[in-house]
1. Considering Cα pairs under 8 angstrom that are at least six residues apart, work out the relative contact order of region 187-250 and quote it in whole percent.
2. Would you please give the FRET efficiency between residue 241 and residue 115, computed as 1/(1 + (r/R0)^6) with r the Cβ-Cβ distance and R0 = 45 Å, to the nearest 0.05?
3. In bins 5 Å wide, starting from 0, what share of all Cα pairs of region 122-164 does each bin hold, as a percent?
4. Please give the charge dipole size of the chain, origin at the Cα centre, charges +1 on K and R Cβ atoms and -1 on D and E Cβ atoms. Round to the nearest 20 debye.
5. Taking the Cα centroid of region 180-246 and of region 325-347, what is the distance between the two, rounded to the nearest whole Å?
6. I'd like to verify something in the chain: which complete DSSP H helices, judged by Cα projection on the helix axis, reach 20 Å or more and average at least -1.0 on the Kyte-Doolittle scale?
7. Taking 1 over the mean of 1/r across every pair of different Cα atoms in region 1-40, what Kirkwood radius in Å do you get?
8. Using modelled backbone amide H atoms (1.01 Å from N, in-plane), which distant-in-sequence or interchain residues come within less than 5 Å of residue 246's amide H?
Amino acid sequence: MSIDARERVLTRMRGEETDRPPVAIFSQSATTGMMAMYGASWPSAHNDPMQMAVLGAAQADMFGFECVRAPFGLTGEAERLGCGILPGGKSKRPVVTDYAYKLDPLMSRFDDPSVLMSPEMFVSGGAPAVAQEAVSILKKFYGEDYPVVAGNAGTLTLTGMLVNPENLVFAIVMAPDEVQRWLKTVAPIVAAYTGALFEAGADIVQCSEPISSGDWMTKDIFENTCGRYVFFTHCPDHSRDRFTELHVCGNSLPIVDALFGTGVSGVSIGDVVQPSSVADLAKGREVVIGNIGIGQPLMNGSPEQVEATVEDCMKEGFDVIAPGCGLHPETPDDNLRAMVRKVTGKDHEPVPSRITA
């Protein structure tokens with residue numbers, strides 16, 4: 001009995017077995033190769049929902065990955081809340097250049113988070129509204145055959161983009177009560193955005209928390225500043241047709257128990273962690289997604305090296321074979337083809353985008 005990409009991914013997200021693991025990009029998926037092939041490119045694809053959708057589906061159309069995904073970053077959420085953004089270019093991601101608020105324990109400057117717009121206003125305009133429209137387009141044209149993945153920033157990461165991540169890290173130790181004021185205000189905004197992405201048509205919402213890393217966090221710090229809010233923002237609905245995934249960068253092994261305790265459907269482990277280490281710790285827990293290195297081998301390695309890493313992840317029992325973080329936009333086409341080929345056993349011929357005006 002044949003099984004399509006949508007059924008394969010969603011069955012795995014339920015924790016059930018399939019004929020093979022799916023191969024998909026749940027994180028940032030756009031590359032310059034996809035941009036050239038489909039005529040939708042950064043920076044305009046960050047702000048135009050039709051271009052965002054075309055480029056978000058390119059991973060499936062061009063290479064045969066088994067999902068479609070939007071948007072491509074997290075900075076639009078900070079921009080919506082007043083931060084200055086450098087838009088980047090075809091091969092450069094947008095970055096926050098002007099932190100709009102103060103949470104600075106070294107200078108004893110603490111803005112009141114109550115000045116932030118309401119959750120309802122947040123989701124009604126700017127980058128969040130663009131992403132919702134793009135997700136709706138993906139659902140219309142691809143949702144019958146592919147799972148639609150959307151992504152947003154977790155509470156801790158979004159707060160860091162608003163107040164400066166370095167200041168936030170200092171404040172976690174030096175001014176924990178001020179940090180909690182901010183997190184309790186930002187969390188309802190994130191929760192509203194998660195709900196809006198589901199309503200727009202997402203099957204899976206990835207919560208990205210790059211600031212949360214075992215490189216500097218203890219398990220207690222993670223649970224108090226990140227994990228409790230992930231539970232609030234990304235676990236409101238445990239129905240079988242809506243799934244959430246948590247992605248954390250860096251060395252997550254010191255906090256891996258806490259990651260699996262957040263209540264999300266699946267966990268994506270940063271690619272600095274060896275696949276065997278992840279598999280040993282994750283057995284019998286939530287769905288595990290990953291963890292092909294975005295630098296080595298995807299960006300800088302050979303197709304043969306990509307295939308060897310994919311084989312390791314498959315052997316270790318990863319539920320979804322995926323990059324360990326968002327793709328570098330200049331990731332070579334041949335390496336992405338090799339990643340899909342190793343999982344599916346065949347080459348994918350590119351097809352035109354399904355999206356029409």
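1. Numbers: 62 pairs, mean separation 34.9, N = 64.
54 percent.
2. On the way: r = 37 Å, r/R0 = 0.82.
Result of the calculation: an efficiency of 0.75.
3. 5, 20, 19, 21, 16, 10, 6, 2, 0
4. Numbers: 28 positive and 45 negative charges, 61 e Å.
Its charge dipole is roughly 300 debye.
5. Comparing the Cα centres of region 180-246 and region 325-347, I get a distance of 28 Å.
6. Working: long enough: 126-142 (24 Å, 0.46); 176-200 (35 Å, 0.28).
Going by DSSP H runs, the hits are 126-142, 176-200.
7. Working: mean 1/r = 0.0825 Å⁻¹.
After inverting the pairwise mean of 1/r, the radius is 12.1 Å.
8. Result for residue 246 returns 207, 266, 267, 268.
Taken together, the values in this text are just the output of simple stated rules run on the coordinates, not laboratory data. Since we're looking at a predicted model, the values are computed, not measured. Ideal geometry is used to build each Cβ from the backbone, glycine not excepted, and the neighbour counts take in all protein chains shown.
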